[in-house]
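What follows is calculated from the coordinates using simple rules that are stated; it is not laboratory data. Nothing here was measured: the structure is a model prediction, and the numbers come from that model. For neighbour counting, all protein chains shown are included, and Cβ atoms are generated from backbone atoms with ideal geometry for every residue, glycine included.
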Amino acid sequence: MSTNQNNLSPVERIKTKSDALRGTLKQSLQDSATGALREDDQSVVKFHGMYQQDDRDRREERSAKKLEWLYSYMIRLRLPGGLLTPQQWVGLHHIAGEHSTGTIKITTRQTIQLHGILKSHVKPTIKAFNTLQLDSIAACGDVNRNVVCNAHPHQSELHAEIFSYAAKISEMALPKTRAYYEVWLDEQPLLNKEEEADPLYQDRYLPRKFKVAIAIPPYNDVDVFANDLGLIAIVENNKLIGFNIAAGGGLGATHGNANTYPRLGTILGFVEPGEKTLKAVYEIITVQRDNGNRSDRKLSRLKYTIDKMGVEAFKAEVEARCGFALEPAKPFEFTQRRDDYGWFQNHEGNWYYTVFTESGRVLDDDKVALKTAMLEIAKTGAANFRFTCNQNLILSDIAPADKPAIESLLHQFGIIEHTENAGAMRKSAIACVAFNTCSLALAEAQRYLPTLITRLEPILAKHGLSDDDISIRMTGCPNGCGRPYAAEIGLIGTAYGQYNLHIGGDRYGYRLNTKYKENLDEPAILAELDTLLGTYSRERNTGETFGDFTIRNNWVQTNPKSAS
Ligand code: SRM
Ligand code: SF4
């Protein structure tokens, strides 16, 4: 299925002639006549972890004044496993205030984004991050993205060992080019370009983004099957014996394009830990590099490569490149995907507090001064900051002696109250960024889902479901950044104020949902959910989740692209 070289997508040409991702970024940055980058550089800059965006709330006003759109940049950190020291959080807080909108956004891939950074501030921002030993290399672009791992160290005594694979995989799959250091950090250009030869990415990189997740059963907070490549840790007698490998997950789809679809991963087999695991990950990436579609970017993710090659042929090719066969997959079970809120202690005696961070937005608003509170906690130096794929924040690795001081700050700023008082559905919800920065948004998501849940709460209460952590996820378009297709209730934007309603997904990330109703506005969403939730409440079996009930009740059929 190799792609016709004459039919390459424009991005393929931009990559190969980009001089190892340098493009003309330096010249683009110097052009003070516009807030934008040159067209090709807008693609190249993604590989440096940033996107050119504009304030969509202000497009009309700017156009009326005959001004160019208000361009700015989003920068996404590369943070394998999503961990910052308190010193790094303090630094991040100040960088956010000085260069961006000020809001620190925790993403669904366990990292941080800052928005609204003007062109003249991008380089100072990257430099400031560099002083904190943080970078944004490969956080976006056609490369391996941020590697995610179960966030909470209380979940397994082997957490640290398994967690270390996130950094190992991230390092292994990092592009070799020095472009980032030259463009943003003023490193002298290489005299010998051979030094940055890149056997993995060569000069064409991957056909599309590539995502890796590591899950430690029974917890699936990473939504492992939604990734191109998922590693499921297998632990026996308190020892990591290896990983089941799932491949071909991905959620993006395009309204009206039947060739595109969300798909959850297929388990290929089991591999021993260490070198063999890393080799298998590497070669799955090379098979995608060599076989992925480079003509049509809508069909270029690994899920389409696998479906075209067939699972068995794909697996055989991976094994041939590895020089070893995968063993049959080992049994495992996921029984939780949501975060555990509040205090937990791990086997070493350290304390952890998971803070409810609605839609991952760390800011001070009229409800809670979350950002100030986190700064004061970071200043104590007594807690690390870990991020979850559910967009929450864990104050972590707190020594018993330091717990009272942290707890007192949590009380002082009302964080404990804020976390405890949020309802079960709100605490299980995810919303993507959407407006005002996402150029692809058709409808609101993070600015609207909290309001919708407030309007749903009386309905939940009426049906006795206030404590039921039904998963609800909303995105502003079908790309699936908030993983709505893997939720019990998925709301996917089709136009401003309108959403497709999907149901039938399970609670733990094995089964995709299915479209149930199209183009609903808010009254229609509330009416539909009132009916569905009422029936569920009356007719469910003991312990039956909403997602499972919707399938048993034949409201929708099981989605055939679910995990297998
Ligand atoms: Fe995403 C594109 C935000 C997780 C699938 N995603 C975008 C862009 C960059 C829009 C763009 O291309 O111009 C969004 C930037 C919005 C903004 O203003 O910040 C964006 N995606 C996000 C984040 C920030 C959502 C959030 O609220 O947390 C997440 C950042 C993750 C990270 O830290 O790396 C984010 N995106 C996801 C996920 C979920 C996941 O990976 O677990 C998915 C679905 C899984 C998958 O990849 O299939 C996802 N994003 C997409 C797609 C569809 C890709 C596809 O295969 O079709 C696009 C569009 C594209 O690539 O063309 C996209
Ligand atoms: Fe933007 Fe769509 Fe992703 Fe939401 S799902 S952040 S609207 S690309």
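Taking (1) closer than 29 Å to D41 by Cβ; (2) in contact (Cβ under 8 Å) with a residue 12 or more places away in the chain; (3) surrounded by fewer than 21 Cβ atoms within 10 Å (Cβ to Cβ) in turn, Y181 satisfies each apart from (2).
The set of residues in region 491-513 that are of a type in the set (V, I, T) and within 16 Å of ligand 2 (Cβ to nearest atom) comprises I492, T494.
Within region 477-490, if we keep just the residues that are more than 10 Å from ligand 2 (Cβ to nearest atom) and in a loop (DSSP other than H, G, I, E, B), the residue that is surrounded by the fewest Cβ atoms within 10 Å (Cβ to Cβ) turns out to be E488. For L512, are the conditions met, namely being within 16 Å of ligand 1 (Cβ to nearest atom) and under 21 Å from A461 (Cβ atoms)? So L512 fails the test.
Any residue at all in region 147-158 that is in contact with an Asp or Glu (Cβ under 8 Å, 6 or more places away or on another chain), over 30 Å from P217 (Cβ atoms) and touching a residue at least 12 places away in the same chain (Cβ under 8 Å)? Within region 147-158 (the criterion being in contact with an Asp or Glu (Cβ under 8 Å, 6 or more places away or on another chain), over 30 Å from P217 (Cβ atoms) and touching a residue at least 12 places away in the same chain (Cβ under 8 Å)), the answer is no, since none of the residues qualifies. Could you check region 111-148 and list, in sequence order, the residues that are among the polar types (S, T, N, Q), within 16 Å of ligand 2 (Cβ to nearest atom) and part of a loop (DSSP other than H, G, I, E, B)? Selection gives T111, N146.
Scanning region 260-283 for residues that are among the β-branched types (V, I, T) and within 18 Å of V224 (Cα to Cα) returns T266, I267, V271, T277, V281. For region 82-112, a residue qualifies if it is of a type outside the set (D, E, K, R) and under 11 Å from the mean Cα position of the chain (by Cα), and the qualifying residues are G82, I106, T107, T108, Q110, T111, I112.
Please specify each residue of region 451-476 satisfying the condition of being within 16 Å of ligand 2 (Cβ to nearest atom) and buried (at least 23 other Cβ atoms within 10 Å of the Cβ). Please lay out each step first, then the result.
First, the residues of region 451-476 that are within 16 Å of ligand 2 (Cβ to nearest atom): 452, 472-476.
Residues satisfying the conditions are I472, R473, M474, T475, G476.
Step by step: first the residues of region 203-234, then only those that are among the acidic types (D, E) and either within 13 Å of the chain's Cα centre (by Cα) or crowded, with 24+ Cβ neighbours inside 10 Å (or both), then the one that is nearest to K193 (Cα to Cα). Which residue is that? Among those residues, the one meeting the criterion is D228.
Can you say whether D340 is assigned to a loop (DSSP other than H, G, I, E, B) and free of Cβ contacts under 8 Å to residues at least 24 places away in the same chain, as far as the supplied structure shows? Show your work before the answer.
On the way: assigned to a loop (DSSP other than H, G, I, E, B): yes; free of Cβ contacts under 8 Å to residues at least 24 places away in the same chain: no.
The answer is no for D340.
Taken over region 1-50, residues that are closer than 15 Å to Y180 by Cβ and among the aliphatic types (A, V, I, L, M) amount to 7.
Looking at Q336, Q345, just one residue is within 24 Å of the chain's Cα centre (by Cα), within 30 Å of P404 (Cα to Cα) and among the polar types (S, T, N, Q), and that residue is Q336.
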